[in-house]
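Q: Just dropping this structure here.
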Amino acid sequence: MTSLRKLGLSDLEVFPLSLGGNVFGWTADEATSFAVLDAYAAAGGNFIDTADSYSAWVEGNSGGESETIIGKWVTARGNRSDVVIATKVSQHPEFQGLTAANIKAAADASLRRLGTDYIDLYYTHFDKPEVPVEEIIGALDELVKAGKVRHIAASNISAERLRASLDFSEREGLARYVALQPHYNLVSRDTYEGELQDLAEQAGLAAVPYFALASGFLTGKYRPGTTVDSARAGGAAKHLETERGQRVLVALDEVAQAHDAPVPTVALAWLAAQPTVAAPIASARTVEQLPALLGVGELTLTEEELGRLTEASA
């Protein structure tokens with residue numbers, strides 16, 4: 001059985017793959033979403049990632065569809081205490097931004113959709129530099145004190161704002177970020193590596209990277225001359241045009257062959273082995289796509305293989 005990982009300095013213990021809920025209510029309907037969630041849980045998975053805005057971009061959706069599906073599933077399975085649910089605030093069409101009033105109203109709306117009275121991990125989805133960190137942390141701390149949120153985290157934030165937030169929490173004895181959700185993968189390393197990663201390491205924050213498979217590019221199904229039927233094909237295919245993207249595919253193929261493992265498992269295993277990373281996020285719109293993601297907990301790459309992939313992606 002895959003062992004769980006401690007999430008930073010929190011008391012949360014999570015499966016080494018966080019299941020992305022962005023596809024629920026978008027490319028996966030309710031029945032398919034339930035099947036994916038069931039298969040993930042059956043494999044020992046317990047860490048589900050969503051946001052209040054998923055999937056407002058789909059015609060006919062208003063935001064919150066993913067939370068609603070996850071809430072119905074948890075209620076139907078009676079397994080709330082077995083799963084760690086992470087959701088986010090700032091991007092829902094009706095709850096934009098990070099003012100104190102908005103954070104509290106958005107959290108209540110998320111709790112209603114999730115059909116639960118607490119959120120395990122609550123992220124600020126996109127930082128809003130016009131709102132003082134004191135206001136943001138103050139509102140999040142109130143949610144923690146009220147028992148509505150267990151732990152808080154940040155996504156898409158600069159090192160400067162993250163440091164200011166942590167310093168304020170420390171100084172005032174308020175709830176403190178325990179995790180960070182950066183855009184990070186084998187072909188997108190620049191936004192996280194460096195100052196942000198160093199700060200996360202110093203502060204004991206866990207990283208839970210999104211776009212862990214670069215919108216599907218790192219699954220290996222995007223190759224020169226192929227067309228892939230996916231809602232995210234455009235985002236993934238752009239990496240094929242770069243030298244870095246091509247070098248990474250060659251290295252992934254070599255390592256995958258050595259382990260007789262699927263390419264996405266290797267890409268996720270590289271990410272999971274990076275400093276601070278607790279659990280990469282990846283989504284599956286079908287049950288068939290899951291095994292290659294779940295394999296990350298079982299695959300340990302050698303130092304040489306990690307180095308080969310790191311070099312190819314430089």
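Q: In degrees from 0 to 90, rounded to the nearest 10, what is the angle of the helix 100-114 Cα long axis to the longest principal axis of the chain?
A: For helix 100-114, the angle is close to 60 degrees.
Q: Sort 226-232, 166-172 by the packing proxy (mean of other Cβ within 10 Å over each peptide's residues), most packed first.
A: Result, highest mean Cβ count within 10 Å first: 166-172, 226-232.
Q: Show me 89-98, 75-84 ranked by packing, highest mean number of other Cβ atoms within 10 Å first.
A: In descending order of packing, they fall as 89-98, 75-84.
Q: Based on Cβ point charges of +1 for Lys and Arg and -1 for Asp and Glu, what charge dipole magnitude is obtained for the stretch 64-216 about its Cα centre, in debye rounded to the nearest 20?
A: Value, rounded to 20: 660 debye.
Q: Could you report the stretch 55-116's accessible area per residue, 1.4 Å probe, as an integer in Å²?
A: Counting only protein heavy atoms, the per-residue value for the stretch 55-116 is 40 Å².
Q: Cα gyration tensor of the stretch 81-184, axes a ≥ b ≥ c as square roots of the eigenvalues: rounded (a/c below 1.5), prolate (a/b > b/c) or oblate?
A: The shape class here is rounded.
Q: For the chain, build the charge dipole from Cβ charges (+1 Lys, Arg; -1 Asp, Glu) around the Cα centre, then report which of Leu306, Leu9, Asn79 sits farthest towards its positive end.
A: The residue sitting farthest along the positive end of the dipole is Asn79.
Q: Provide the solvent-accessible area of Val131, counting protein heavy atoms only and rolling a 1.4 Å probe, rounded to the nearest 10 Å².
A: Val131 exposes around 10 Å² with every protein chain in place.
Q: In whole percent, how big is the carbon plus sulfur part of the accessible area of the chain, probe 1.4 Å, protein atoms only?
A: Within the chain, the accessible surface is 51 percent carbon and sulfur.
Q: Just to confirm the number: angle between the C-alpha axis of helix 30-42 and the first principal axis of the chain, 0 to 90 degrees, nearest 10?
A: Long axis of 30-42 versus the principal axis of the chain: about 80 degrees.
Q: Taking every DSSP beta bridge with both residues inside the chain, roughly what % is antiparallel (nearest 5)?
A: 15
Q: Antiparallel DSSP bridges in the stretch 139-248: what percent, to the nearest 5?
A: Among the beta bridges of the stretch 139-248, antiparallel pairing accounts for roughly 10 percent.
Q: Over the chain, what is the mean sequence separation of C-alpha contacts under 8 Å (at least six apart), divided by residue count, expressed as relative contact order in percent?
A: Dividing the mean separation by the residue count of the chain yields 19 percent.
Q: Determine, for each peptide in 108-119, 299-310, the mean count of other beta carbons within 10 angstrom over its residues, then list the peptides with the highest first.
A: So the peptides 108-119, 299-310, ranked by packing, come out 108-119, 299-310.
Q: Give me the dipole magnitude in Debye, nearest 20, for the chain about the Cα centre, with unit charges on the beta carbon: positive for Lys and Arg, negative for Asp and Glu.
A: 440
Q: What number in nm² do you get for the stretch 61-117 if you take the convex hull of its Cα atoms and divide its surface by four?
A: With the hull built on Cα positions only, its mean projection is 3.9 nm².
Q: Let me make sure I get this right: for the stretch 153-266, a, b and c are the square roots of the gyration tensor eigenvalues over alpha carbons, sorted descending. Under 1.5 in a/c it's rounded, otherwise prolate if a/b > b/c, else oblate. Which is it?
A: In terms of gyration-tensor shape, prolate.
Q: Which whole-angstrom value gives the distance between the alpha carbon centres of the stretch 1-46 and the stretch 132-171?
A: If we compute the Cα centre of each part, the gap is 25 Å.
Q: Okay, next question. If you put +1 on each Lys and Arg Cβ and -1 on each Asp and Glu Cβ, how big is the dipole of the stretch 13-152 around its Cα centre, in Debye rounded to 20?
A: 300
Q: Taking the Cα atoms only, what angle lies between the long axis of helix 243-259 and the longest principal axis of the chain, rounded to 10 degrees?
A: Between helix and principal axis, roughly 80 degrees.
The values are calculated or read from the model by the stated rules, or taken from the named source; none is laboratory data. Given the structure is predicted, the values throughout are model-derived calculations rather than measurements. Glycine also receives a Cβ, built like all others from the backbone with ideal geometry; neighbour counts cover every protein chain displayed. Accessible surface areas use protein heavy atoms only, side chains included; no ligands, DNA or RNA. Shrake-Rupley method; radii C 1.70, N 1.55, O 1.52, S 1.80 Å.
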